[in-house]
Amino acid sequence: MLVDSPPEQRAETAPAPPTRRAIRSLGLLLSVVILVLVALASIAVGAKDLSLAQVWHGLFQDTGTYGDVVVDERISRTVLGLLAGAALGLAGGVLQALTRNPLADPGLLGLNAGASAAVVTAITFFGVTSLNGYIWFAFSGAAAVGALVWFLGGSRGATPVRLALAGTAISAALYGYLQAVMIMDEAALGRMRFWTVGSLSSATDSTIKQVVPFLVLGMILALALARPLNAMSMGDDTAKALGAHLNRTRALSMLAATVLCGAATAACGPIVFVGLMVPHVVRSFTGPDLRWILPYAGILSPVLLLGADVIGRVVARPAELQVGIITAIIGGPVFIYLVRRRRTAQL
């Protein structure tokens, strides 16, 4: 004769349902696995057709053959894609929290425009032609615009709306300057046309070494800001009650976004939509907690960037489409969908 166990005993012996935290942790681990697979695909697949044996030889038995040289180039390209993707994703996540606008991206505060204008100036007026030369102009331009947006946005009294308006106004002015210079100087137009699209093809060990310190610093700072930005998302009064320092958090957020976006843009040009799409999509399954949004964005943004780069290398063989073109093709429809869904939700 079967006898039912008491409810208390059944509760103790029944397996506990998976917690939200466990699901998020598992998803983060799965994201890392996906990132590793995409990185391997970025090394194995390219505009130049190589067999898996040649790829393996280039990875572990480099003897200077044609295949080995190609693999070395792809490794540098993949590493830069990992770093730039993570930087853009974290910058987008921080800026969306700072402006309280889930559709914000690094371009909203004029950082891409500042870097682009600085590079145009370097090429046209100072004769700088190498990446090692104008990378510092790009970074300085992004930093200067970040500081100017912070000042025009009210400095200590800065609000999300003021920062967004200041960034939009400065972006419009700088892009007007950029187009004017490029139209008047045909040589600058020819040299800038490739860079302004956004590409990983110019990746070198030297470029990576120059931007790594800035990217690592910016990533650490962005991740450290998750808790105070969480408090600010509940409103200024609530954040103050929870002990958050609003002005300091906003200033450090601007600094982190400027460093990340400036260094990434300097290394591979202004790549659009990565910082917009990934944090926004991530938020749909992690919730509003930035302690999860930022790590997810830092892992999945390189997946998008490297995946787009691989697609660009394959679809136009033996040439290639720049990664900025692919992300724009993907990001445009996604952005329209997000705006329409957001507008529908507000009706």
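Accessible-area rank, largest first, for I135, I336: I336, I135, with all protein chains present and a 1.4 angstrom probe.
Between F125 and L40, the simple spin-label model (points 7 angstrom out along Cα→Cβ) gives 5.0 nm. Under the combined filter of DSSP loop state and at most 11 neighbouring Cβ atoms within 10 Å, the stretch 110-143 retains these chymotrypsin sites (Phe, Trp or Tyr not before Pro): F126. In the stretch 178-335, carbon and sulfur make up what percent of the accessible area (probe 1.4 Å)? That share works out to 68 percent.
Per-residue SASA remark: F214, around 60 Å² accessible (1.4 Å probe; ligands, DNA and RNA not included). Computed with a 1.4 Å probe over protein heavy atoms only, the accessible surface of the chain comes to 49 Å² per residue.
Taking a Cβ cut-off of under 11 Å around I271, the surrounding Lys, Arg, Asp and Glu residues balance to a net charge of -2, with basic ones at +1 and acidic ones at -1.
The values are calculated or read from the model by the stated rules, or taken from the named source; none is laboratory data. Worth saying up front: this structure is predicted, and the values here are computed from it rather than measured. Note that we place each Cβ from the backbone using ideal geometry, even for glycine, and neighbour counts take in every protein chain shown. These accessible areas exclude ligands, DNA and RNA; they are computed on the full protein's heavy atoms, side chains included. Shrake-Rupley method; radii C 1.70, N 1.55, O 1.52, S 1.80 Å.
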